[in-house]
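A short worksheet on the structure shown next.
The values are calculated or read from the model by the stated rules, or taken from the named source; none is laboratory data. The model shown is predicted, which means the values in this text are computed figures rather than measured ones. Neighbour counts are summed over all protein chains in view; Cβ atoms, including those assigned to glycine, are modelled from backbone coordinates with ideal geometry.
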């Protein structure tokens, strides 16, 4: 295996690919993209279509996942400071792969540029939607008369169109919806006036066809407005094809106007939901810090018990419990660092990382003080292994996002402390 030092000394030997070219070739079936970050990062966010082959398993999985040594392959990791992709490139070259390039900027550059990403939830098979049963191909429905396939066909299909329209309306602001509504009023009013100019059936005012002059245009706009607001004074009446336009306008405008009103009503609810989310997130951070402090206190107490050999009774259960709690909070911190769009203050995260460093240090000292006759339980061994694995992924060159120097300092301290846990 090529060492990191050797890799760093030969940067010219590393063929690279730009973000722009990678974006253009996302749909190119001849290009294979490989994410060499830990599975947790891949599950959180990865380049669309990328395969997950963590660096530490690449040598074992490469032959099975990448059977063609001549295929065009792109590897990437977290950011410019991350050297996992370069190590992966050299490993693949040593295994005989001849066309491997490195996207050195990594997933951090991809996300910051606004490029599309996938997550495990998005790429996993979706659960069937009951409203899509006709589209997904179950047996034909049976009508009340017992005939197969004689029920109405436009049930699920129309529901899918409704969901698409509602999604488009939901994405628009109240001002945008109001402008669309006003534009529809003006467009329909112009259509009524053009029908009058064309000599077709249009609008009738007091028994006479609407004029084609500016007064007629103003009357058309007036009729369009009262139709869109469902007021309908009755002094102007549509005839012929104008009736079709009037019906479509009335229904569409009513839906749009209702959406505008709903936007105003839901604005306060959105503010409340944002506040609830903020409070919940802050409570989660407080819980992580509180539990880590509790774990540190418990492990210090167990260390004192180990120094007093007369008080060894019961330390196995207490140590198992502390390790399980520690593992849960370590996983929470790991998720915080690997979330692609999470916004968190530097001070809060630095405090958590500092406490986490202390907890790892106390755990290493506790394990060193255990008596030689102490037998570690299976849950304890599993918890310690997982704690070390998560801590190993918390380093400035591992996480897929750039962090401030203070946070980078604590990340490196965490990795160093984890190496002393045995």
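For the range 336-352, what are the residues that are at pLDDT below 75 and surrounded by 16 or more Cβ atoms within 10 Å (Cβ to Cβ)?
340
Output the number of residues of the range 171-215 satisfying the condition of being farther than 15 Å from residue 256 by Cα, in contact (Cβ under 8 Å) with a residue 12 or more places away in the chain, in a loop (DSSP other than H, G, I, E, B) and out of contact with any strand residue (DSSP E or B) (no Cβ under 7 Å at 6 or more places or on another chain).
5
When the residues of the range 383-407 are filtered to those that are closer than 16 Å to residue 352 by Cα and more than 25 Å from the chain's Cα centre (by Cα), which remaining residue is surrounded by the most Cβ atoms within 10 Å (Cβ to Cβ)?
Ranking the candidates gives 387 first.
What's the number of the only condition in (1) more than 18 Å from residue 52 (Cβ to Cβ); (2) in contact (Cβ under 8 Å) with a residue 12 or more places away in the chain that residue 93 fails to meet?
Only one criterion is unmet by residue 93, namely (2).
Is it the case that residue 219 is under 29 Å from residue 175 (Cβ atoms), assigned to a helix (DSSP H, G or I) and over 47 Å from the mean Cα position of the chain (by Cα)?
In short, yes.
Residue-by-condition table, conditions (1) out of contact with any strand residue (DSSP E or B) (no Cβ under 9 Å at 6 or more places or on another chain); (2) within 19 Å of residue 18 (Cβ to Cβ):
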site	(1), (2)
79	yes, yes
85	no, yes
89	no, yes
92	no, no
96	yes, no
104	no, yes
107	no, yes
111	yes, yes
116	yes, yes
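Condition test on residue 41, is it touching a helix residue (DSSP H, G or I) at 6+ places or on another chain (Cβ under 8 Å), crowded, with 17+ Cβ neighbours inside 10 Å and free of Cβ contacts under 8 Å to residues at least 60 places away in the same chain?
no
For residues that are in contact with a helix residue (DSSP H, G or I) (Cβ under 9 Å, 6 or more places away or on another chain) and modelled with pLDDT of 90 or more, scanning just the range 11-31, find the one that is farthest from residue 78 (Cα to Cα).
31
Just need a number here: residues in the range 19-37 that are closer than 17 Å to residue 86 by Cβ and either assigned to a loop (DSSP other than H, G, I, E, B) or more than 24 Å from the chain's Cα centre (by Cα) (or both).
Total meeting the criteria: 2.
Only one of (1) in contact with a helix residue (DSSP H, G or I) (Cβ under 7 Å, 6 or more places away or on another chain); (2) loosely packed, with under 14 Cβ neighbours inside 10 Å; (3) not in a loop (DSSP other than H, G, I, E, B) fails for residue 317. Which number is that?
Evaluating residue 317 over (1) in contact with a helix residue (DSSP H, G or I) (Cβ under 7 Å, 6 or more places away or on another chain); (2) loosely packed, with under 14 Cβ neighbours inside 10 Å; (3) not in a loop (DSSP other than H, G, I, E, B) leaves (1) as the failure.
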